[in-house]
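Novice: Got a structure for you, questions after.
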Amino acid sequence: MASKDPLPFIDLGAQRRRLGPAVHDAVARVLDSGAYILGPEVFELEQALARFCGATECVSCGSGTEALALVLMAKGVRQGDAVFVPSFTFVATAEVVAWLGATPVFVDVDAETFNMDPASLEAAVHHAKATGLSPAGVIPVDLFGQPADYEAIAGIAAAHGVWLMADCAQSFGATRAGRRAGSFGDASATSFFPAKPLGCYGDGGAVTTDDAELAEIMRSLRVHGQGEDKYTNIRIGMNGRMDTVQAAVLLEKLRIFPEELESRAAAARRYSEALGDVVTVPVLAPDATSSWAQYTIRLDGGPARREAVQRACAEAGVPTAIYYPIPLHRQQAYRHYPSVPGGLPVSDSLSAEVLSLPMHAYLDAAAQERVVDAVRAGLRAAN
Ligand SMILES: *Cc1c(COP(=O)(O)O)cnc(C)c1O
C-alpha cells in the first residue's frame, strides 16, 4: 500500500482474503439447500456460540437490537417499569426500553472504563423509586469491548430485585474474571453487525443465557409468539429470526475469531505503548480483557485539541470516529426520560474528549505507525 492511500477504519477486505473460498462455499451450500429460514446452520451456530461463551442456551435473531428486545419482551417489561441504562452508549440500548412503553433511566459511566458506574446506578434506582417508577432491570453495556463491572452491578441488581441483561454487542469474545462476555447476568444480547468484533455480512444478533425457560419464550417470540407450531400464537411476538446464510457466514468467521482477538489485543498494546505519553489511552480492569471493538483515546483540553488531531489524521489518510458525540440523555428523542440526580458529568465530558482510531485484526505495525504519527502531529499543531 502506498503511504498516501487512506487506511481503512475496519478492514473487512483483509479478513475476506484470509477466509478464502470458505465463506463462499458455505453460502453456496445454503443456497443449494433451500433452507433459507431456520436451516440447520442456525442451530449449529447457536450451539457453537453458547459453547464459545460458556452459556447453556443461545437464541439467534435478526440483529443486536432484536436480541435486546427479545429479552425485554420475555421478561414482560411494560409501562411503568424503569430500566437502567448508561447514557454513554449506542442508542439501541435505551431504544428497546422505550419501544415497549417502559422508561429508560440514564446512569453515568466510569471515566476510566467508559462502563456503567455502580454508584450512579444505585442512586438512579433510589431516584426511580422515589418518582413512582417500578425498577425492573438494568442493562450494563460492555463499551468498546470491555465487560462492565458485573460483580458490583449484580450485587445492586440482586439487592433491588431487578434482572440484569448484559449488552455485549461490542464485547463478544472479551473476558472478565476468567468468564466470557455472554455469560454474565440473566441474559446477554450481542450483535453481529459487520463492524462488530464478530460480524456477519448483514444484520444478525443473539441472546445467550443459562435460563432454559427464558430461552424457550424467546424462541417462541422470534416466530410471532408461536406455540406448538407457527399457526398457534400464544403470545405477541415478532419476526426475529437470523437468516441461514448469515449463520453459515458466522460459523466460518467463528473459526478464526480466537486468533483475531489475539491480533486485536496486540494492536491495542502497540497503540498504548506508542501513545500513552501524550493522550489518555484505554484502561482495562485488572481482571478484564477486551475484544477491542474500538480503540478509543481521550483528548482533554477542549474541543479544539480533538479537532486538530482529527484534521491531522484526515490529512494523513487516517480515518477516525467519535463514539459517541452526544450522550443519550441529551438526544432529542430521549432527553425527556429521567436521569440520575446530579446529572451525568462523566458522559458529558467523554462525549467531548473521545476519539476512536482504526482497529481491526489485520492492522499491522506499519499502518499503526502512520496513525500514531498523525495523532502526534495533530497534538503538536494544537499546542
Ligand atoms: C451495535 C450495538 C447494538 C445494536 O446492534 P444491531 O445489530 O446494530 O441492532 C446494541 N448495543 C450496542 C452497545 C451496540 O454497539
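Novice: Once Lys and Arg get +1 and Asp and Glu get -1 on their Cβ, which of Ser188, Ile297, Gln170 lies farthest toward the positive end of the dipole of segment 160-300?
Specialist: Result: Ile297.
Novice: So how compact is segment 185-341: Cα radius of gyration and Dmax in angstrom?
Specialist: Answer for segment 185-341, Rg first and Dmax second: 20.9, 63 Å.
Novice: Sticking with this structure for a sec: Summing Lys, Arg as +1 and Asp, Glu as -1, what charge do residues with Cβ under 13 Å from the Cβ of Gly20 carry, Gly20 excluded? Can you show the working numbers first?
Specialist: Numbers: positive: Arg16, Arg17, Arg18, Lys253, Arg255; negative: Asp25, Glu252.
With Lys, Arg at +1 and Asp, Glu at -1, the net is +3.
Novice: Which of Ile153, Ile256, Ile139 moves the most in a Gaussian network model of the chain with Cα springs under 10 Å?
Specialist: Per the Cα network of the chain with a 10 Å cutoff, Ile256 tops the list.
Novice: When only DSSP loop residues count, what chymotrypsin sites (Phe, Trp or Tyr not before Pro) in segment 194-290 have their Cβ near at most 10 other Cβ atoms within 10 Å? Before the final figure, lay out each step's value.
Specialist: Numbers: sites: Tyr201, Tyr231, Tyr271; in loops: Tyr201, Tyr231.
Sparse-neighbourhood loop chymotrypsin sites (Phe, Trp or Tyr not before Pro): Tyr231.
Novice: Return the whole-Å distance between the Cα centroid of segment 248-287 and the Cα centroid of segment 23-51.
Specialist: Here the answer is 28 Å between Cα centres.
Novice: Give the percent of DSSP beta bridges with both residues in the chain that are antiparallel, rounded to the nearest 5. Mind showing how you got there, number by number?
Specialist: Details: 23 of 39 bridges.
Taking every DSSP beta bridge with both residues in the chain, the antiparallel ones total about 60 percent.
Novice: Note the full-extension length gain between Thr280 and Met238 as 0.36 nm times their separation in residues minus their Cα-Cα distance, in nm to one decimal. Let's see the in-between values first.
Specialist: Working: separation 42, 0.36 × 42 = 15.12 nm, distance 4.36 nm.
Extra length available between Thr280 and Met238 comes to 10.8 nm.
Novice: Considering the convex hull of the alpha carbon atoms of segment 102-167, report its projected area averaged over all viewing directions, in nm², one decimal.
Specialist: Numbers: hull surface 16.9 nm².
Quarter of the Cα hull surface area: 4.2 nm².
Novice: Hey, another quick one. Report Rg (one decimal) and Dmax (nearest whole number) for segment 11-141, counting Cα atoms only, units Å.
Specialist: 19.5, 59
Novice: For the chain, modelled as a GNM with alpha-carbon contacts under 10 angstrom, which of Met73, Met165, Met359 fluctuates the most?
Specialist: Residue with maximal mean-square fluctuation among Met73, Met165, Met359: Met73.
Novice: On to the next question. For segment 34-116, which trypsin sites (Lys or Arg not before Pro) pass both filters: DSSP loop (anything but H, G, I, E, B) and at most 15 other C-beta atoms within 10 Å? List each step's numbers first, then the result.
Specialist: Details: sites: Arg51, Lys75, Arg78; in loops: Lys75, Arg78.
Counting only loop positions with at most 15 other Cβ atoms within 10 Å, the trypsin sites (Lys or Arg not before Pro) in segment 34-116 are Arg78.
Novice: What share of the DSSP beta bridges in segment 1-144 is antiparallel, in percent to the nearest 5?
Specialist: Working: 1 of 10 bridges.
So the antiparallel bridges amount to about 10 percent of the total.
Novice: While we're on this one: Run the numbers for Asp300 and Phe9: contour at 0.36 nm per residue of separation, minus the present Cα-Cα distance, in nm. Don't skip to the answer; put the middle values down first.
Specialist: Numbers: separation 291, 0.36 × 291 = 104.76 nm, distance 2.29 nm.
Once the chain is fully extended between Asp300 and Phe9, it gains 102.5 nm.
Novice: Given R₀ = 41 Å, what would the calculated FRET efficiency be for Asp210 paired with Glu315, taking r from the Cβ atoms and rounding to 0.05?
Specialist: Numbers: r = 50 Å, r/R0 = 1.23.
That gives a FRET efficiency of 0.20.
Novice: While we're looking at this one, here's another question. Would you please state which residues of segment 75-91 a label at His336 would reach in this model, taking the label point 7 Å out along Cα→Cβ and a backbone N cut-off of under 17 Å?
Specialist: Only 79-81 pass the distance filter.
Novice: Additional query: Extent of the chain along each principal axis, from alpha carbon coordinates, in Å, largest to smallest?
Specialist: Projected onto its principal axes, the Cα set of the chain covers 65, 58, 37 Å.
Novice: Could I ask something else about it? How much of the DSSP beta bridge set in segment 141-216 is antiparallel, as a percent to the nearest 5? Please list the in-between numbers first.
Specialist: On the way: 6 of 10 bridges.
So the antiparallel bridges in segment 141-216 amount to around 60 percent.
Novice: Residue by residue through segment 49-62, what is 3J(HN,Hα) from phi via Karplus (6.51 cos²θ - 1.76 cosθ + 1.60, θ = phi - 60°)? Round to whole Hz and write x for glycine and proline.
Specialist: Each residue of segment 49-62 in turn: 5, 4, 4, 4, 9, x, 10, 8, 10, 9, 10, 7, 7, x Hz.
Any read-out appearing in this document is the output of simple, stated calculations on the displayed coordinates, not a laboratory observation. Just so you know, these numbers come straight off a predicted model, no measurement behind them. Neighbour counts are summed over all protein chains in view; Cβ atoms, including those assigned to glycine, are modelled from backbone coordinates with ideal geometry.
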